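Note sheet for the following structure.
The values are calculated or read from the model by the stated rules, or taken from the named source; none is laboratory data. Remember, it's a predicted structure, so these values are computed and weren't measured experimentally. Cβ placement follows ideal geometry from the backbone for every residue including glycine, while neighbour counts extend to all protein chains displayed.
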Amino acid sequence: MYNDITKLVEESEKEIKNELEKIDEICLFNSKKVLNAFNKENVSEFHFNSTTGYGYNDLGRDIIEKVYSDIFKSEDALVRGQFISGTHALTVTLFGLLRPNDTMLVISGIPYDTLHEVIGIKENKSSLKSFNVKYEEIDLIDNDFDYDNIINRVSKNDIKLIYIQRSKGYSTRKSIDIEKLEKVIKKIREVNKSAIIMVDNCYCEFVTTKEPIEIGSDICVGSLIKNLGGGIAPNGAYVVGKKDLIELVSERLTAPGEGKEVGPSLNMNKPLLQGLFLAPSVVSSALKTAILTSYVLEKLGYKVEPKYNEKRVDIVQNIIFNDKDKLIKYCQGIQMGSPIDSNALPCPSDMPGYDDQVIMAAGAFTQGSSIELSCDGPLREPYIAYQQGGLTYEYGKLGLIKAIENLYKK
């Protein structure tokens, strides 16, 4: 065991310098993309102005959605603070696009825990299943799509929506990179031109230089208290994609016939724009924190996924402890290294939408923000810590040191 954790981390940082520098190149590319979108749409100070009530003619809200369309290369966008979370945005999107007797096919294995009651995998009277929406699922094979089964199923042309979750969630699989996503979309389109291809892009924005709409997906969803909020957005989510699909989603969020025309910004235009502007740099910091964490924890003898030098798909870093107490102690150490509520002691507890007790460490400025340094995991074998975020690399590194110190504290 290393006596000086700080020295261990600093030595490790020097050893992975080349991997950290690769992240800087991606950050510059995505920064240019964001700045070009701001310039193209002539974002101005008056766009910071707010509306209340119905929110008619909110110029700032409208310009935000144009900027998102530019960045994602989509026909339209819906970017609203009225979305509570990524799960809420995914739910609104699914209910907006699916009708009774439609079939939804998931091709990335079982979705994230909080969607189980939304879909009806777990019984709920308000689920898609309760509205007679049919659900089918095809699991991954060795962390890749089951292409043969997928093509065989979608070629029958009775699937309304194909759903792909890129990030791993609380599973042990790898997250799905943009190249695999592009490959499966191309194969699907060879045999099925009509099914809606929907991508859950949470945790993945700005990790690479391409986004799902660019490689053929019809609609894409993510949270603003993750990557694209840049640690500034107080809540909200986005949906980008084809114009007719965005219209359906907007009418489910607000009301039929009103759609995108209503929805007050409530003083959120500036933080949403500023958060997006900072997002490439913040995502870069989160990625560097994850890479350093992966390298150091593997050095200490723990299994990690992804490894420090593997290609990154999202901002999530898995640490497999195979020990309940170590998982708890590591998460508690992350809390100790947080700027907010550092004196709080996270304990495993029941959480809405989860079958297992979950420990969550997040001393964040925004409740539930996972672009800020946080760490959580369900209390089930093999006791994996899912660490993500870091508003700056320096704060991420300090949080990592605190977590390791607590892990080995007697």
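General remarks:
- Residues in region 212-245 that are assigned to a loop (DSSP other than H, G, I, E, B) and over 17 Å from S108 (Cβ atoms): L224, I225, K226, G230, G231, I232, A233, P234, N235, G236, K242.
- Matching option when the condition is out of contact with any helix residue (DSSP H, G or I) (no Cβ under 9 Å at 6 or more places or on another chain) and modelled with pLDDT under 95, among D350, D356: D350
- Considering only residues in region 89-117 that are aliphatic (A, V, I, L, M) and under 21 Å from L140 (Cβ atoms), the one that is surrounded by the fewest Cβ atoms within 10 Å (Cβ to Cβ) turns out to be I110.
- Of the residues making up region 348-369, not one is surrounded by fewer than 21 Cβ atoms within 10 Å (Cβ to Cβ) and closer than 18 Å to Y408 by Cα.
- Test: residue in region 272-291 that is more than 19 Å from the chain's Cα centre (by Cα), closer than 22 Å to K402 by Cβ, crowded, with 20+ Cβ neighbours inside 10 Å and modelled with pLDDT of 95 or more: no
- Residues being of a type outside the set (S, T, N, Q), part of a helix (DSSP H, G or I) and in contact with a helix residue (DSSP H, G or I) (Cβ under 7 Å, 6 or more places away or on another chain) - total across region 72-93: 3
- Out of L20, L35, one residue alone is under 18 Å from L278 (Cα atoms), in a helix (DSSP H, G or I) and modelled with pLDDT of 95 or more. It is L35.
- Candidate set: region 148-197, residues that are out of contact with any helix residue (DSSP H, G or I) (no Cβ under 7 Å at 6 or more places or on another chain) and part of a strand (DSSP E or B); chosen: the one farthest from V249 (Cα to Cα): Q165
- Matching entry among S69, S50, S130 (being modelled with pLDDT of 95 or more, out of contact with any Phe, Trp or Tyr (no Cβ under 9 Å at 6 or more places or on another chain), part of a helix (DSSP H, G or I) and over 26 Å from I178 (Cα atoms)): S130
Each row is one residue, and each column tells you yes or no for (1) over 18 Å from T254 (Cβ atoms); (2) modelled with pLDDT under 95.
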{"residue": "N3", "(1), (2)": "yes, yes"}
{"residue": "N30", "(1), (2)": "yes, no"}
{"residue": "E45", "(1), (2)": "yes, no"}
{"residue": "S85", "(1), (2)": "no, no"}
{"residue": "H88", "(1), (2)": "no, no"}
